[in-house]
Amino acid sequence: MDNLLMELEDKGYTHVIGLFLSSGISGFWANSQFLIEDHAKLKIAFPDTKITATPMGAMVRNVLHWSAQEMSFDNILKKLDEQIAQTTAYILVDDLNHLVKGGRLSNGSALLGNLLSIKPILNFNDEGKIVVFEKVRTEKKAVKRLVALAEDNQNMELSILHTNVPEKAEDFKEQLEAQGVKVSTVVSLCAVIATHLGEGALVLGLTPKFTK
C-alpha cells in the first residue's frame with residue numbers, strides 16, 4: 001500500500017479514496033490510517049466501509065462513476081458516507097461451529113443451537129461488526145425470514161451471496177422473484193470469507209440503489 005501511494009504521488013495524482021474490508025472483521029483498515037500522514041502530497045480518504053464483498057463492490061463502482069462525472073472529492077465522500085450508512089448484509093450460516101471458531105458464539109450456545117435446530121441470522125451492525133440479528137428455529141424458517149427482510153427493503157439494491165451452495169442460492173433467488181423482489185446479482189463468496197462463515201452460508205446484501 002505504501003509503495004502504491006508513492007507511485008501515485010510520482011504520477012501526479014492528488015486525491016485517493018481507498019475502500020477496504022470492514023474494520024469490524026479485519027485490522028487492515030486501522031493499519032491503513034497510519035499511511036495517510038506519510039503522504040502529505042495526497043489528499044487521502046480511507047473511510048470504513050463497515051461491510052465486505054458485493055455490497056463493498058457497489059461502493060467501488062459508485063465512486064468510479066462519480067469520479068468519471070467529475071464530481072468533487074468532498075461530494076464523493078459525502079455520497080459515499082450516505083451509502084455506507086445504509087448498507088448491510090444478513091447472513092445465515094449452516095454450521096454454528098464456525099461461529100465458535102470466529103469468536104461469535106460460545107461452545108455451549110453452539111451445542112444448544114444445534115440440538116434445537118436454531119439458525120441464527122447475523123448482520124453487520126453500525127460498527128461494521130458481525131453480530132446476531134435474530135435466532136430462528138430451523139433453516140426453512142430462517143430463509144423465510146430473509147425473504148421477508150428482502151421484501152421490506154425492495155427500495156435497496158439486493159444481492160445474494162453464498163459459500164459453495166449455488167443451488168441453495170438459486171432457490172433463494174426464485175423465492176424472492178416469486179414475491180416480486182428483484183435481485184441484482186448472485187455471487188459465490190471467496191475462500192477467505194468462506195473460511196469464517198463455513199460452507200453452506202447464505203447472505204442477503206443490501207445497498208442503496210445506484211443513482212447517476
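Read-outs throughout are calculated quantities, based only on the coordinates presented, and are distinct from any laboratory measurement. The shown structure was predicted, so the numbers you read here are calculated from the model rather than taken from an experiment. Neighbour counts run over all protein chains shown; Cβ positions are idealised from the backbone, glycine included.
Can you pull the Kirkwood radius for the range 2-85, inverse mean 1/r over Cα pairs, to one decimal in Å?
Kirkwood radius, the range 2-85: 13.4 Å.
Once you place label points 7 Å from the Cα toward the Cβ at HIS39 and ALA85, how far apart are they in nm?
Inter-label distance under the simple model: 2.7 nm.
For a quick check: with amide H placed at 1.01 Å from N, whose amide H comes under 5 Å from PHE20's, ignoring anything fewer than 5 positions away on the same chain?
For PHE20, the qualifying residues are THR49.
Order of GLU170, GLU7 from fewest to most other C-beta atoms within 10 Å?
Final ranking by Cβ density, sparse to dense: GLU7, GLU170.
Projecting each Cα onto the charge dipole of the chain (Lys/Arg +1, Asp/Glu -1 at the beta carbon, about the Cα centre), which of HIS162, GLY24, LEU176 comes out farthest on the positive side?
The listed residue farthest towards the positive side: LEU176.
Between LYS11 and ALA191, what FRET efficiency follows from the Cβ-Cβ distance if R0 is 41 Å, with the result rounded to 0.05?
Between LYS11 and ALA191 the formula returns 0.80.
Take every Cα pair under 8 Å in the chain that's 6+ residues apart, average their separations, divide by the length, and report that relative contact order as a whole percent.
It rounds to 22 percent for the chain.
Put a dot 7 Å past each Cα toward the Cβ at ASN97 and ASN125; how far apart are the dots in nm?
2.8 nm
Among the listed pairs LYS173/LYS209; LYS79/LYS135; LYS101/LYS182; LYS140/LYS209; LYS119/LYS173; LYS41/LYS78, which have their C-alpha atoms separated by more than 25 angstrom in this model?
Beyond 25 Å between Cα atoms: LYS79/LYS135; LYS101/LYS182; LYS140/LYS209.
Tell me, what ³J(HN,Hα) does each residue in the range 184-195 have, in order and in whole Hz, if you take phi through Karplus 6.51 cos²θ - 1.76 cosθ + 1.60 with θ = phi - 60° and put x for Gly and Pro?
Rounded to whole hertz, the list is 6, 6, 10, 10, 8, 6, 5, 4, 4, 6, 4, 4.
Among the trypsin sites (Lys or Arg not before Pro) within the range 1-84, which fall in a DSSP loop and have no more than 15 other Cβ atoms within 10 Å of their own Cβ?
For trypsin sites (Lys or Arg not before Pro) across the range 1-84 that sit outside H, G, I, E and B with at most 15 neighbouring Cβ atoms in 10 Å, the list reads LYS11, LYS41.
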